[in-house]
1. Consider S77 carefully, then state whether it is buried (at least 20 other Cβ atoms within 10 Å of the Cβ), farther than 26 Å from M356 by Cβ, modelled with pLDDT of 95 or more and of a type outside the set (A, V, I, L, M).
2. Specify which of the listed residues (E363, E435, E399, E373) is away from the ligand (no atom under 16 Å from the Cβ), within 22 Å of T7 (Cβ to Cβ) and without any contact (Cβ under 8 Å) to a residue 12 or more places away in the chain.
3. State yes or no: is I384 under 23 Å from the mean Cα position of the chain (by Cα), surrounded by 15 or more Cβ atoms within 10 Å (Cβ to Cβ) and within 26 Å of W437 (Cβ to Cβ)?
4. I need the full set of residues from region 410-443 which are hydrophobic (A, V, I, L, M, F, W, C), in a loop (DSSP other than H, G, I, E, B) and closer than 21 Å to T376 by Cα, in order please.
5. Only strands (runs of 3 or more DSSP E) wholly contained in region 285-379 count here; list those with 2 or more residues that are of a type in the set (S, T, N, Q).
6. Just checking, how many residues over region 449-483 are under 22 Å from A359 (Cβ atoms), of a type outside the set (V, I, T) and either out of contact with any strand residue (DSSP E or B) (no Cβ under 9 Å at 6 or more places or on another chain) or in a helix (DSSP H, G or I) (or both)?
Amino acid sequence: MTYSLETIVSRAKRRAFAYPGSEIYGGLANARDLWPYWVQLRRNIMDTRWRCFVQERDDMVGLDASILMNSRVREASGHIANFSDPLVDCKKCKARERADKLIENYIEKHQISLTDVHVEFGVKSLAVESRTFEQQTAFLSVFKVKCPECWSSDWTQPKKFNLMFKTQQWVIDWEGKDIYLRPETAQGIFVNFKNILDTTRVRIPFWVAQIGKSFRNEITPGNFMFRVREFEQMEIEYFIPDDVEIGLKMLKSRKEMSEKWRTEQIGIKKDRLRFREHDASELSFYSKGTVDVEYEFPRWRWELQGIAYRTDYDLSQHQKTSGKDMQYTDPMTGRRYLPHCVEPSRGLTRAILTVMIDAYDEEEYTNQKWEKEIRTVARFNPNIAPVKFAILPLIKKDEIQVKLGEDLFHKLSKKYFCEYDDNGAIGKRYRRQDEIWTPYCITFDQQSVEEYHADPASVTVTLRDRDTMSQQRFLVSDIEFMK
Ligand code: ATP
């Protein structure tokens with residue numbers, strides 16, 4: 001069953017996942033503060049990724065480049081000149097939209113084919129970025145594309161809107177030099193290419209991974225956290241020989257790795273994933289192949305990751321702009337060349353959201369009084385659940401149950417994120433843990449107390465499984481060694 005985003009978002013707020021930022025001052029549009037369970041979920045997803053792609057490989061290194069960089073980096077990467085969206089205003093209600101997205105949605109909704117667009121405007125490509133502003137204006141008016149807010153179709157001319165947040169560096173602001181908050185993390189890897197070669201033992205082919213914040217002054221943020229102005233990315237650059245055949249093979253294998261990681265490690269539903277290859281007309285001029293990994297959710301399709309074979313474009317741009325030699329010398333042949341690069345660029349924030357959507361479920365069950373009830377349960381891979389064990393003494397006033405519960409909490413929390421909760425009816429405590437994903441609830445009861453009096457080493461507890469709600473008794477000492 002598919003639940004609406006609103007349902008999932010309202011649970012997320014209720015259960016300490018994410019909340020509007022600066023709320024006591026009326027908030028800041030689209031900024032969100034991440035609350036305890038989101039923070040833990042994010043950490044777990046990052047950890048699985050770091051383990052699979054960095055720790056378990058000997059040809060991979062990690063990097064954490066700074067967010068603020070010399071502006072010439074952005075000049076070389078083309079972000080200053082080209083990182084912009086076409087902005088249009090609705091003349092009637094003043095809603096602000098991206099012309100390319102309005103056109104993209106219209107084409108998808110009305111199933112307009114490439115030939116129709118070609119016939120109307122001589123536009124060869126559905127790659128909206130490649131349309132001129134005149135063509136966008138013509139499209140909006142000929143097809144009478146409606147404003148999603150007021151349904152009129154009277155748009156201003158598209159204006160170029162650069163998405164980078166600009167700030168200044170120096171103490172006195174009027175003497176400042178423009179610098180930018182990074183709109184993606186990848187350039188930090190390219191500018192460190194030579195340093196990494198000089199200071200580590202990696203040789204081509206090798207990979208560099210980075211996880212960090214990026215900032216984009218989006219025209220139309222929204223849909224909870226699918227499009228925000230401050231988000232996190234997990235990017236990798238694969239530096240490979242300057243051989244297109246190798247590059248295309250790498251692109252294909254990266255697509256397979258992406259699917260495996262998403263379905264096996266973080267548990268995204270396979271039938272919601274789409275792999276969309278850019279056709280020749282959509283490709284950037286320097287790219288030899290690009291695949292978007294998309295997530296299909298009722299009413300939208302979201303890009304989770306772009307995997308692009310960028311050839312030697314980035315290194316050659318930095319070589320040209322900085323005047324520094326970025327070439328690699330093959331240790332066997334002595335040949336010098338600019339390595340090619342395949343870049344999987346994935347959004348961490350969107351990955352977390354897809355995990356939350358796919359895990360959410362509601363189901364009917366029969367409670368202890370034989371009444372039918374609905375429980376909300378987030379079913380998820382125990383690897384990434386924010387809380388792995390909840391420790392619940394059945395009776396708060398029982399000193400032994402509390403002591404045993406606290407002792408176990410202190411032991412398990414050295415390895416796992418755990419919660420101790422002795423407040424309220426046990427059924428309610430279970431429901432709460434179901435909602436926040438906790439795969440296992442451990443309950444100390446009267447039997448545990450009696451066992452403690454007989455022999456402290458013989459204490460057992462019930463272990464409740466989130467998905468089946470079944471309970472089994474285990475020795476506490478066995479639980480301490482559970483994985
Ligand atoms: P979109 O078409 O959705 O704007 P994009 O093509 O601009 O995405 P990329 O520049 O390829 O995105 O960035 C790589 C990844 O970073 C995206 O696949 C997405 O997961 C994530 N991402 C990009 N912009 C945002 C945003 N504003 N909020 C959250 N995640 C984002």
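The values are calculated or read from the model by the stated rules, or taken from the named source; none is laboratory data. What you see is a predicted model, and the numbers here were worked out from it, not measured in a lab. In this analysis, Cβ positions are derived from the backbone assuming ideal geometry, glycine residues included, and neighbour counts consider all displayed protein chains.
1. Yes; evaluated as a whole, the condition is true for this residue.
2. E373
3. It is true that I384 is under 23 Å from the mean Cα position of the chain (by Cα), surrounded by 15 or more Cβ atoms within 10 Å (Cβ to Cβ) and within 26 Å of W437 (Cβ to Cβ).
4. A425, I436, W437
5. Ranges flagged: 300-311.
6. Counting residues in region 449-483 that are under 22 Å from A359 (Cβ atoms), of a type outside the set (V, I, T) and either out of contact with any strand residue (DSSP E or B) (no Cβ under 9 Å at 6 or more places or on another chain) or in a helix (DSSP H, G or I) (or both) gives 1.
Residue-by-condition table, conditions (1) charged (D, E, K, R); (2) within 16 Å of the ligand (Cβ to nearest atom); (3) closer than 19 Å to V228 by Cβ; (4) over 19 Å from the mean Cα position of the chain (by Cα):
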position	(1), (2), (3), (4)
I179	no, no, no, yes
N195	no, no, no, yes
D198	yes, no, no, yes
N217	no, yes, yes, no
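Residue by residue, here is whether (1) modelled with pLDDT of 85 or more; (2) touching a Leu at 6+ places or on another chain (Cβ under 8 Å); (3) part of a helix (DSSP H, G or I) holds:
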site: I8; (1), (2), (3): no, no, yes
site: K13; (1), (2), (3): no, no, yes
site: V39; (1), (2), (3): yes, no, yes
site: R42; (1), (2), (3): yes, yes, yes
site: F53; (1), (2), (3): yes, no, yes
site: D58; (1), (2), (3): yes, no, no
